[in-house]
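Shown next, in structure tokens, is the structure this report addresses.
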Amino acid sequence: MNHPASPYRAQRRLDDEALRAAKAAKIVAALQTAGVATHGRTCLDAGCAQGLMTKHLAPHFGHIIGLELDAEAVSRAALLAGEVATFVQGDAEHLPLADDSLDVVVCAQVYEHVGEPQALLDEVWRVLKPGVACFFSGPNRLFPFEFHSRLPLVHWLPFAWTQRLVRWLGRGAAYDARPVTVGTLRRWTWRFTVRDLTVDMLRHPQRYHCQDEVRGWAWLGRLPEPWLRAILGLMPNLNWVLLKPRGAAEAAR
């Protein structure tokens, strides 16, 4: 992610190769569902951590770059998957890439860890070529359980209170997750055409290789689709494909 050495990057899950492989398969399926070609294309995996998911994304692209702020994680990623990907140390809020230089960006579970999420999304817009896309996922602040700390409701408190409570409950020495509401994310992504696949993933998890991910929420997928769309603003996690329109002009950042 974008902050080094945070215990709330769920190290055990980041080290789970099967889980990372499934996440990569989900992302590729989401891009394909949205009509985004991947074969032979250049992709950026922003906030790549130790590169496990980058490794599993690599076969689907012509070239993939993993970007991570934590220098130690970048070194581990290079050892793990340096033969199939390029890994660089960098800040997702100031991407070290040229304008209109990428075909795909993967920004999965990153926004809540950066200092300026709007700057992150502005950078994604800048580096994407017109007519291509970003896979974007992240938590929803209105959902009453906070998955990084594994505590209910703490993310509804003022941030400084959340940090103190997390430490007091022994859930870590640091806390950096700042989830926001769907409405706020919509405002931050206003220049993109948003393809929201959250409901489709709940209803057809096998299509997105995410059966394990949604297992605890499988009952939601059996609800009528209009009901699901009515409660999108309360979903625990969002899965979007952000399309940069063809011929899009750069708006002022």
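The values are calculated or read from the model by the stated rules, or taken from the named source; none is laboratory data. Only a predicted model underlies this, so the values are computations on that prediction, with no experimental measurement involved. Ideal geometry is used to build each Cβ from the backbone, glycine not excepted, and the neighbour counts take in all protein chains shown. For accessibility, only protein heavy atoms count, side chains too; no ligands or nucleic acids. Shrake-Rupley method; radii C 1.70, N 1.55, O 1.52, S 1.80 Å.
Figures for the structure shown
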read-out: Å² of accessible area per residue within the stretch 97-173, as computed with a 1.4 Å probe and no ligands counted; value: 40
read-out: Per residue accessible area of the stretch 14-74, 1.4 Å probe, in Å²; value: 34
read-out: Global geometry of the stretch 108-253, whether rounded, prolate or oblate, following the gyration tensor of its Cα atoms and the 1.5 cut on a/c; value: oblate
read-out: Relative contact order (%) - the stretch 158-237, alpha-carbon pairs under 8 angstrom, separation at least six; value: 23
read-out: Relative contact order computed over the stretch 75-199 (Cα-Cα under 8 Å; 6+ residues apart), in percent; value: 22
read-out: Kyte-Doolittle mean at least -1.0 and Cα axial length at least 20 Å: DSSP H helices in the chain; value: 17-33
read-out: Relative contact order for the chain, counting Cα pairs under 8 Å that sit 6 or more residues apart, in percent; value: 21
read-out: Virtual paramagnetic centre 7 Å along Cα→Cβ of residue 187, amide N under 15 Å, in the stretch 123-153; value: 141-142
read-out: The chain: C-alpha gyration tensor shape, a/c 1.5 cut-off, then a/b vs b/c; value: rounded
read-out: Environment charge at residue 194 (Cβ cut-off 15 Å; Lys +1, Arg +1, Asp -1, Glu -1); value: +4
read-out: Positive-pole candidate from 155, 89, 60, dipole of the chain, charges at beta carbon; value: 155
read-out: Percent carbon-and-sulfur accessible area, the chain, ignoring ligands, DNA and RNA, probe 1.4 Å; value: 57
read-out: Residues of type lysines that residue 55 reaches as a straight line, Cα spacing below 24 Å, ignoring anything fewer than 8 places off in the same chain; value: 23, 26, 129
read-out: Net lengthening on full extension, residue 232/residue 99 (0.36 nm per residue, minus Cα-Cα); value: 44.6 nm
